[in-house]
1. From the list Ala107, Ala77, which residue is buried (at least 18 other Cβ atoms within 10 Å of the Cβ) and part of a strand (DSSP E or B)?
2. Can you tell me which condition Cys124 does not meet? The list is (1) open to solvent by 50 Å² or more (accessible area, probe 1.4 Å); (2) closer than 20 Å to Val277 by Cα; (3) assigned to a loop (DSSP other than H, G, I, E, B), and all the others hold.
3. Run down Arg48, Arg63 and say which single residue is in a helix (DSSP H, G or I), in contact with a His (Cβ under 9 Å, 6 or more places away or on another chain) and among the charged types (D, E, K, R).
4. Going through the range 39-52 one residue at a time, which ones are of a type in the set (Asp, Glu) and more than 27 Å from the chain's Cα centre (by Cα)?
5. Of all residues in the range 229-249 being within 19 Å of the chain's Cα centre (by Cα) and aliphatic (A, V, I, L, M), which is farthest from Leu108 (Cα to Cα)?
6. Looking at (1) within 22 Å of Ala104 (Cβ to Cβ); (2) touching a Pro at 6+ places or on another chain (Cβ under 6 Å), which is the one condition that is false for Ala182?
7. Quick check on Ala132: is it within 27 Å of Gly181 (Cα to Cα) and open to solvent by 40 Å² or more (accessible area, probe 1.4 Å)?
Amino acid sequence: MPEDPLAVSPPTAAEASGADGWPPASELVAALRAAGCVFAEDEAAVLRAEARSPVHLAELTARRVEGAPLEHVLGWASFLGHRVLVHPGVFVPRRRTELLVELALAALAARGALRPARFVDLCCGSGAVGMAVASARPAIELHAIDIDPAAVRCARQNIPPSAGRVYQGDLDGPLPTRLRGAVDVLTANAPYVPTRALRLMPPEARQHEPRAALDGGPEGLDLLLRVAALAPRWLAPGGEVLMEAGSAQAPTLLEALGRAGLSPSLVQDPDREATVVRGALAQGDRSSLP
């Protein structure tokens, strides 16, 4: 795995004391801690490493203290060892989504290498999932989609044309019809926070990330149930759909995948507080699908 982009060296004696003309590390840490940053020391080190000058450092620190997510301040997020560009107003990739990538890569590996695997990522946001999968499997045919123009612009920077196609549209709407019945793995990190729970989210998410990337409707299932219903028309025999969800939503999604003619299963990672619901299309005749 590549070195963690957020890993930085401890401040030198000059940096810690301010003798190099930059503000002392202790001042940065104190300002960030006062603003409620839990990992103030780590964030101070990253901001100091990214700043081009003391003035630039002051600007970055001010934005963070005002509540902007660290990733928006830096312009990138660390995801599975990669730097993923993240524009202001775009959903920030979460560590829990690493499980989705790991399962997608395992499913692609299981498909073998008879032809370039076809991979579709719905609700792609910044393109972090597609970027990570394509980095590990550069020979895949990648298609990523999001409805938000800001997310699409960001994803197109993280997934250049040489790595895959990024479309703007509603779920599978923009996909080429030639992919029907031919997709090996389909992933979706759709919004799944119940509307009533949005107020419980951290302010940096509520105030700086698009509501459409968070709000999954009354039960958090609005888009996920649509993905469960549309997946069978795109999957190749033996293909899989993988959806990140909340643990409370898993039973409903498993039932929906079963009704759609897929074999449902659940994967959870307590350490990352991650839940992925998966549905596999059986090998053989697609005519049995509902």
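1. Ala77
2. (1)
3. So the residue among Arg48, Arg63 that is in a helix (DSSP H, G or I), in contact with a His (Cβ under 9 Å, 6 or more places away or on another chain) and among the charged types (D, E, K, R) is Arg63.
4. none
5. Restricting to residues being within 19 Å of the chain's Cα centre (by Cα) and aliphatic (A, V, I, L, M), the top hit is Ala245.
6. (2)
7. no
Conditions tested, residue by residue: (1) more than 20 Å from His143 (Cβ to Cβ); (2) surrounded by 15 or more Cβ atoms within 10 Å (Cβ to Cβ); (3) at pLDDT 95 or above.
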site: Asp170; (1), (2), (3): no, no, yes
site: Gly173; (1), (2), (3): no, no, yes
site: Thr177; (1), (2), (3): no, no, yes
site: Arg180; (1), (2), (3): no, no, yes
site: Val183; (1), (2), (3): no, yes, yes
site: Ala190; (1), (2), (3): no, yes, yes
site: Met201; (1), (2), (3): yes, no, no
site: Glu204; (1), (2), (3): yes, yes, no
site: Gln207; (1), (2), (3): yes, no, no
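The values are calculated or read from the model by the stated rules, or taken from the named source; none is laboratory data. Bear in mind the structure is a predicted one, so any value in this text is a computation, not a measurement. Positions of Cβ are backbone-derived with ideal geometry, glycine not excepted, and every protein chain shown enters the neighbour counts. When the accessible area is computed, the model is the full protein with side chains, heavy atoms only, and any ligands, DNA or RNA have been set aside. Shrake-Rupley method; radii C 1.70, N 1.55, O 1.52, S 1.80 Å.
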